[in-house]
Amino acid sequence: MSDYYQKRLIKMRLSWFALYEKTNNVSFVCRHFAISRKTFYKWYNRFNTSNKDIESLKDRTSKPINSPRKTDIETIHLIINIRDKTRFGPDRIKFYLYKYYHKDIPRSTIYVILKREGLINKTTRRKKKSRLYSFPNPGDNIQLDIKYVNGYSSRNIVQYSAIDDCTRIKFVKLYTERSNYNSYTRKV
């Protein structure tokens, strides 16, 4: 946490205590600052037991001192050595450790160790660019799409969409019937 943030927290907590000293009412202080009584008493007791030391109002880490399920350093080095020699992934390293060293370590733990050591590089796949068909001169090729549009009237409406492959200019027209005359002769 940044020093600025820590200083703001200390200042805020001191304002709790100042208001409490003025009003002598914990419920009022908690309502005013929108905190629980448990939170107020936690910080108030911590502040008073430290002889009103301002450093006691800083947030402390809740990280455990010892982690009993932490993977030992010997196993971590073993996993790294297997990866360097064989280039196996987490699944095969798990199988290898179980078969030759009789160690049953979860695949996810092996993956985290390899990732932390920078031994797993995800290859980014290139996106395949869609090929845009284009002709050199306007009007050389026109894409024509026909779609039935229902729900706007009792008659069937047909939408003709034309896109020029050179200029990408779009043209849309609605007709009440689909016929060769509409499609070809009028050249939507």
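Under 8 Å between Cβ atoms, at least 6 apart or on separate chains: pull out the pairs that start in region 153-176 with a residue that is part of a loop (DSSP other than H, G, I, E, B) and end on any residue that is among the acidic types (Asp, Glu) and surrounded by fewer than 15 Cβ atoms within 10 Å (Cβ to Cβ). What qualifies is Asn156/Glu177; Asp165/Asp140; Cys166/Asp140. Filtered by the rule that a residue be closer than 30 Å to Ile105 by Cα, of a type in the set (Ser, Thr, Tyr) and without any contact (Cβ under 8 Å) to a residue 24 or more places away in the chain, region 14-72 gives Thr61, Ser62, Ser67. If the condition is being assigned to a helix (DSSP H, G or I), charged (D, E, K, R) and more than 11 Å from Leu114 (Cβ to Cβ), then region 66-94 contributes Glu74, Lys85, Asp91, Arg92, Lys94. Of all residues in region 84-136, exactly one satisfies the criterion of being surrounded by fewer than 10 Cβ atoms within 10 Å (Cβ to Cβ) and touching a Cys at 6+ places or on another chain (Cβ under 9 Å), namely Pro136. Being part of a helix (DSSP H, G or I) and basic (Lys, Arg) is the filter here, so list the residues in region 9-59 that pass it. Result: Lys11, Arg13, Lys22, Arg31, Arg37, Lys38, Lys42, Arg46. Return yes or no: is Thr124 in a loop (DSSP other than H, G, I, E, B) and not assigned by TED's automatic domain parsing to the domain that holds Arg8? Yes; evaluated as a whole, the condition is true for this residue. Just one of (1) under 17 Å from Gln6 (Cβ atoms); (2) under 37 Å from the mean Cα position of the chain (by Cα); (3) not aliphatic (A, V, I, L, M) fails for Asp53. It is (2). Restricting region 15-29 to residues that are surrounded by 15 or more Cβ atoms within 10 Å (Cβ to Cβ) and closer than 19 Å to Asp59 by Cα leaves a set whose member that is farthest from the chain's Cα centre (by Cα) is Phe17.
The values are calculated or read from the model by the stated rules, or taken from the named source; none is laboratory data. What you are looking at is a predicted structure, and each value in this text was computed from that prediction instead of being measured. So basically every Cβ, Gly included, is an ideal-geometry build from the backbone, and we count neighbours across all protein chains shown.
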